[in-house]
Amino acid sequence: MKNQLLFRSAGTMLVRVLFAVVAAFPIVFMLVSSLKPDQQIFGDMSSLAAFLPVGNISFDNYAAVFDRVPAARFLLNSVGVSAVTVVLGIFVNSVCAFALSRMQVKGKKIVFTAILATLIVPFQTLALPLVWWVNQLPYFELNGFSLEFSKGWLDTYQVQIIPFIANAFSIYLYHQYFESIPKELDEAARIDGAGWFKIYRQVVMPLAGPATATVAILTFLPAWNSYLWPLMVVQSEELRPVMIGIQYFFQLNVSWGEVMAYASLITVPVVVLFIAFQRSFVNSIASSGVKG
Amino acid sequence: MATVPLPTRPRVPEASKPAPPPSDAKTNARRRPGFRRDQLSGWGMIAPAAVLLLAFVFIPAILGFGLAFTNARLISPRPVEFVGVDNFARLFTDPTFYRALLNVAYFTVVIVPVQSGLALVMALLINKKFRGVNFFRTVYFLPVVTSMVVVSLLWLFMYRKDGLINEILSTVSFGLIKGPDWLGDPITAMPAIIILSIWQAAGFHMIIWLAGLQGISGELYEAAQLDGTSRWQQFRYVTWPGLFHTRSLVLVTITIQALGLFDQISVMTQGGPMDSTTTIVYEAVRSGYRQQETSYASAISLVFFVLVLIVSAVQRYLTREKD
């Protein structure tokens, strides 16, 4: 009996490892290849060496990447755009969810339903009219002391940020989470003379850590990984994010070592961030009622 | 929809108001003096998100609907004119469009069962606490945090005729299998795209399954164990019914994502070879962005949206709670 159990759990572990190998091998291959010259990448391909940092290892590919594309600029743009989107997204969506779940605002049910309705519109169907639309929007620029006014958001930073701040799923997530925090806390704070914003900031938000971590990851990932949108709305090299940099490697006779170096360069920061937040992420999805 | 006017009407005397629900009676009485200020601050807190969603979801959605019936181009000196159903007439006589529909159907029909099944297996594997559970969760989720564009580029390299996939196939079969030119052959191109798509996204749906699994009470399993059930019976009679809501959520999200197939195509095949991997969204972006035909692309997008609506309505019907 005991032997059978042991045997079974060893079998389960084997399956776990098998899945882990399948999930990880392309990424390991990418990281390892980024350290090798092209000739060696192809030479190692038929053996386990493809997944091991052996042989002629160097960071030459990374140096070459910075020569070939303005990688530093792209990274900086992506960090900036993602960070601003995440910070504003957390604030705007949580404040909205706070009012919807904890305050007695008239008509909030209709608004909440309308917000949830936006979930069924896939971004791909919005993308093209959205390009046309942002190109009609006014644009204000402070030039010295005079406010300059022009039309069209194409080719700016704001066009990469503002449309993606409000997000129905983030509002939903916060809403579910706020519902689970006892309302008596609000009443106690109000008796102590706190206003609603103070309750939001000092009572509810500090308790919503896991929800914030989830929203942060779910906002950061698409912001960092966005490709279709910046491809359509950002032309200038100095405004473009990292994913567009990949286009520089589409030409023929490209060095695959350099491609892998660039791909690693834009993947590793996300992986590190994810590992840092991993625990609260999984827990909060598990507890936030994504159950449906 | 979000610009509901602020309450400006004078306050009605207490007596004429319907009695508030008993549980809130005390708080309402206390809030009464600041009631209007509460409404104002409430709307002030809702407004930023509501206005942004209005501006960047509702308006473009309506615009897209309208533009589909015009001749709008992204940058054009001509004024926008109403042209009726011209765009749709052109669309429904375009063989590439039908090919795109067929390809997306193929992709969706394969990916929905396979990916959701694999994701469920992964979730079951890491549901119980054991040494290293966090390690496995992280590794299973790694492909999800890797951008689809990077994934596509990476697999583009692995799918070469002399690439990693064919080398692995050749090694494990002792040289018997000579792999195809995966992306260069119209027959294998779509399966190749399907494999990498499942690889990338299964981890995401694993997390949703995991959430569902953790919502099932442990007592049910204990009771089942007392009854001497096998592992399979526990899955069949406890786990599977317990995942009812999760199941419809996973199916709907995978289907909608599958219908929107784009990034992989754009990086790896550009719809080729011989239109074998072109998709609805890829066609929309190609005409709307590369050829600047906003109106035609809007028409394609509209068809796509209707498709998504139909499919999710059908799924909702099929996975509805049966009393």
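Listed values, structure above:
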| read-out | value |
| --- | --- |
| Area of A:K106 that stays accessible when all protein chains are in place (1.4 Å probe, Å², to 10) | 90 Å² |
| Förster radius 60 Å - calculated FRET efficiency between B:F35 and B:Y237 (Cβ-Cβ, nearest 0.05) | 0.70 |
| Per DSSP, loop chymotrypsin sites (Phe, Trp or Tyr not before Pro) in region A:104-193 with at most 16 further Cβ within 10 Å | A:F145, A:Y157 |
| Once exposed loop GluC sites (Glu not before Pro) are cut out (DSSP; at most 12 other Cβ, 10 Å), longest piece of chain B | B:82-320 |
| Interchain or long-range residues, amide H under 5 Å from B:T70's placed H | B:V83 |
| Three-way shape label, chain A, alpha-carbon gyration tensor, a/c 1.5 | oblate |
| Distance histogram in 20 Å bins (all Cα pairs of the protein assembly as shown, percent per bin) | 17, 49, 30, 5, 0 |
| Nonlocal amide H pairs with A:L137, under 5 Å, H built at 1.01 Å | A:G152, A:W153 |
| Accessible carbon and sulfur surface of chain B relative to its total accessible area, %, 1.4 Å | 66 percent |
| Area hidden from solvent between A and B (accessible, protein heavy atoms only, 1.4 Å, total, Å²) | 8700 Å² |
| Accessible area per residue, Å², region B:101-167 with all protein chains present, probe 1.4 Å | 36 Å² |
| Simple Cβ-charge dipole of region A:1-123, Lys/Arg +1 and Asp/Glu -1, about Cα centre, in debye nearest 20 | 960 debye |
| Formal net charge of residues neighbouring A:D60 (Cβ-Cβ distance under 15 Å; K, R +1; D, E -1) | -1 |
| Summed residue charge, Cβ within 13 Å of A:A72's Cβ, Lys/Arg positive, Asp/Glu negative | 0 |
| Alpha carbon convex hull of region A:70-164, volume per residue in cubic angstrom | 166 Å³ |
| Where only C-alpha atoms are counted, convex hull volume of chain B per residue in Å³ | 256 Å³ |
| Measure of compaction for region A:1-158 (Cα Rg per 2.2 N^0.38 Å) | 1.75 |
| Prolate/oblate/rounded label for region A:14-81 (Cα gyration tensor, a/c 1.5) | oblate |
| Where chymotrypsin sites (Phe, Trp or Tyr not before Pro) in DSSP loops with at most 16 other Cβ within 10 Å are excluded, longest remaining stretch of chain B | B:175-323 |
| Where chymotrypsin sites (Phe, Trp or Tyr not before Pro) fall in DSSP loop in region A:1-101, at most 15 other Cβ within 10 Å | A:F59 |
| Surface accessible to a 1.4 Å probe, B:K161 within the full protein complex, Å² | 130 Å² |
| Total formal charge among the other residues, if their Cβ is under 10 angstrom from that of B:R99, Lys/Arg +1 and Asp/Glu -1 | -3 |
| Residue-averaged [θ]222 nm for chain B, counting only DSSP H segments that reach four residues, each worth -39500 (n - 2.57) | -19500 deg cm²/dmol |
| Helix axis angle, A:71-102 relative to chain A longest principal axis, alpha carbon, degrees | 30 degrees |
| Residue-normalised accessible area of region A:85-147, expressed per residue, 1.4 Å probe, Å² | 44 Å² |
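The values are calculated or read from the model by the stated rules, or taken from the named source; none is laboratory data. All values reported here derive from a predicted model rather than from experimental measurement. Backbone-built Cβ (ideal geometry, glycine too); neighbour counts: all protein chains shown. Keep in mind that these areas ignore ligands, DNA and RNA; they rest on the heavy atoms of the full protein, side chains included. Shrake-Rupley method; radii C 1.70, N 1.55, O 1.52, S 1.80 Å.
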